[in-house]
Amino acid sequence: MRATYRLQLGPGQGFAEARALVPYLHGLGVSHLYLSPVLQARPGSTHGYDVADPGRVSEDLGGEAALRDLCGAGLEVVLDVVPNHMATGDDTPLWADPGRRARVFDIDPETGRHRRFFDIDDLAGVRVEDPEVFEETHALVLRLVREGLVEGLRVDHVDGLADPRGYLRRLAGAGARRVWVEKITEGDEELPDWPVEGTTGYDLMNDATGLFVDPAGAQAMVDLHRELSGDPRPFAEVAAAAKLEMARGSLAPDVERLRRLLDEPRMDEAVAALPVYRTYVEPWADRVDPRDRAVIEAAPLPERVRRALLLEGPRHEAFVTRFQQTTGAVMAKGVEDTAFYRYTALLALCEVGGDPGRLGSAPAEVHAASLRRLARFPRGLLATQTHDTKRSPDVRARLAALTGFAEEWCDVVVRWGREHARLRERDDAPTPAEENVIYQTLVGAWPLSGERLRAYMTKAMREAKLTSGWAAPDEAHERAVLGFCDALLADRRFVRELEAVVARAAEDGERWALGQVLLKLASPGVPDVYQGDELWDFSLVDPDNRRPVDWGLRRATLDDVRGGAPPNAQNVKLFLIQRALDLRARRPRAFDGDYLPIEAGARGFALARGGEVIAATPIRPGGEDDALAVPAELRGRWRNALTGGEVTLGAEAPMAALLDGMPVGLLERAGRD
């Protein structure tokens, strides 16, 4: 399995359009087409996660015949499945029939309310833990798997399920031999021993970003955030407060259901207390994994809740199940959809699965994480962008580059704040923290149209829930902030200064972006390319990252690269991906083999795979001038897979020799003498 390519299906990009892309993707070098949900969604769906009929392939995308044609077009297929929830309403047959609704959906018998996907009222939780419900909702997908049309499944929101382990075992028993789970691990948390290939790759994504963040520069940006926001709290405290707000706010009905199952007045604090998304206690099997026990015992939980989760004393099976389903929603809404928009220090670190309180990733930490993945889940997906990420990797890389001249950047932000007071319609809009978000967003995603900036800032304000919100938007504040954005973009002096900062950040930002790509392509696991991300992509959070892709440009660029065109500023990212995937095809045993960290100093990062491949990249300005300590087993003649040049590596090798004029180095063994 060489690589996956993620396609977001929807209006204008159905099965026929995806089928037309297969020759291009095959030429790029991917082996698997990784599709967003393909089952019939509610009318007007733009993403497919609001499934209405799990027994029917989406007619809006082209129907089952077109899907079968796509599955037989030459690439293996991985499907995204959504077992946790379905759309409510008359367009959902299982919901429209009251008798079937009560059997299929997770409905509270006391109140008649259904379990929701997070706080979305029109997405109802499914009782997929019931074998009959599983069969009814998975028959079509599993038929496609058994027929060999679909090789693998990506399970959406596995943490919402009542019994994740049981569900995954049932999938495996039904013939799904390759399964990946959308699962975010926190800190040193490890994926449970499930019958899966691994996760969808958020851990690698955040390691890759953090590797290029200068901790000292990031700290300067933290100090600026505290000054501008007037909030001295570390990120962990910001996140904890936001989780508690969600438990007392939009998720309060879920908390009340828990209180009816276990009389505990501090239930809102309890669901916000865990440092992870959830635990996986199985009361029906009397099972408490030691890792879950450690989490529960360390968390500041009320005693009754702690004892119930540890299965001590009277059994509260329903409570334990519902509690674990709820904590993940509290974490997601509190951290991903609130705290990440409040903590404005360095937006590159405010990413799904990330920790903005962790100011960068040391090479040793990244190597250790790769070795763990190789040992436990060597075929886990490796992502740098998904449909859920807050920013594209190219935006994150450019923002990471700001940490290389953070003191100057902070001075610029303060000066701009002072000078641009004249552009405000009112004194409190934008707030200084919102203004910081505007400037970072402009630098990261430039060139950025006024329309895209306004859309992003509207979402950012509402997600932060400080000056506006989705439930009750402050239209006057939003109007003033968006007016400020328009005035900025109309100010020629500001735009000239902005473009000067962008040029400086882009110089290292493009190198760091290619370094992230290299890490994804060379690390243990299966690299995943998000649609369009093979060329420079400065996208923001959805729906910005689901804009139409210019496939004509990508086809032409690939044709040039495969025809021998040298790398240039426009094609270098696609060039790297194509050459690396070609290397993975020619040397599969190397990428299935061992992983050897190579000491590259404080400003570089390097690794070897299977004794046959070396990948190296600077991670700080000047890193190309440093040397690598080459292990004895790697000394000898090597060929650069990007340039064709050869180099002989001794005990010490200059990073520049491995790069051979490129921003990153990718070498294959040419000889041992």
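The values are calculated or read from the model by the stated rules, or taken from the named source; none is laboratory data. Because the structure is predicted, anything quoted here is derived from the model rather than measured. Cβ: placed from backbone, ideal geometry, glycine included. Neighbour counts: every protein chain shown. Surface areas here come from the heavy atoms of the whole protein model, side chains and all, with no ligands, DNA or RNA. Shrake-Rupley method; radii C 1.70, N 1.55, O 1.52, S 1.80 Å.
Just one of the numbered conditions (1) closer than 21 Å to residue 214 by Cα; (2) basic (Lys, Arg); (3) part of a strand (DSSP E or B) is not true of residue 639: (1). In summary, strands (runs of 3 or more DSSP E) completely within segment 1-117 and bearing 3 or more residues that are closer than 30 Å to residue 522 by Cα and touching a residue at least 24 places away in the same chain (Cβ under 8 Å) occur at 4-7, 32-35, 76-81. Filtering segment 532-573 to residues that are closer than 22 Å to residue 663 by Cβ, of a type in the set (D, E, K, R) and assigned to a loop (DSSP other than H, G, I, E, B) leaves 533, 534, 537. Listed by first and then second residue, the pairs linking a residue in segment 374-385 that is touching a residue at least 24 places away in the same chain (Cβ under 8 Å) and farther than 25 Å from residue 396 by Cα to a residue that is β-branched (Val, Ile, Thr) and buried (at least 24 other Cβ atoms within 10 Å of the Cβ), with Cβ atoms under 8 Å apart and 6 or more places separating them unless they lie on different chains, are 377/196; 377/199; 379/526.
Regarding residue 345, is this residue modelled with pLDDT of 95 or more, open to solvent by less than 40 Å² (accessible area, probe 1.4 Å) and of a type in the set (A, V, I, L, M, F, W, C)? It is true that residue 345 is modelled with pLDDT of 95 or more, open to solvent by less than 40 Å² (accessible area, probe 1.4 Å) and of a type in the set (A, V, I, L, M, F, W, C).
Table: residues versus (1) at pLDDT below 95; (2) of a type in the set (Asp, Glu); (3) in contact with a helix residue (DSSP H, G or I) (Cβ under 8 Å, 6 or more places away or on another chain).
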| residue | (1), (2), (3) |
| --- | --- |
| 159 | no, yes, yes |
| 184 | no, no, yes |
| 187 | yes, no, no |
| 205 | no, no, yes |
| 217 | no, no, yes |
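For segment 597-629, give me the residue count where each residue is among the small types (Gly, Ala, Ser) and open to solvent by 10 Å² or more (accessible area, probe 1.4 Å).
Narrowing segment 597-629 to residues among the small types (Gly, Ala, Ser): 600-602, 604, 606, 608, 610-611, 615-616, 622-623, 627, 629.
Next, from what is left, pick out any that are open to solvent by 10 Å² or more (accessible area, probe 1.4 Å): 601-602, 610-611, 622, 627, 629.
Of the residues in that region, 7 qualify.
Scanning segment 594-632 for residues that are among the aliphatic types (A, V, I, L, M), touching a residue at least 40 places away in the same chain (Cβ under 8 Å) and not in a loop (DSSP other than H, G, I, E, B) yields 606, 607, 613, 614, 615, 616.
Only a single criterion out of (1) within 23 Å of the chain's Cα centre (by Cα); (2) more than 30 Å from residue 212 (Cβ to Cβ) is not satisfied by residue 403, namely (2).
Within segment 472-499, the set of residues being surrounded by fewer than 17 Cβ atoms within 10 Å (Cβ to Cβ) and among the charged types (D, E, K, R) comprises 474, 475, 479, 486, 491, 492, 493, 496, 497, 499. Among the residues of segment 581-592, just one is among the small types (Gly, Ala, Ser) and either surrounded by 18 or more Cβ atoms within 10 Å (Cβ to Cβ) or under 23 Å from residue 212 (Cα atoms) (or both), namely 590.
Yes/no per residue for (1) within 20 Å of residue 353 (Cβ to Cβ); (2) surrounded by 14 or more Cβ atoms within 10 Å (Cβ to Cβ):
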site	(1), (2)
230	no, no
235	yes, yes
242	yes, yes
254	no, yes
263	no, no
272	yes, yes
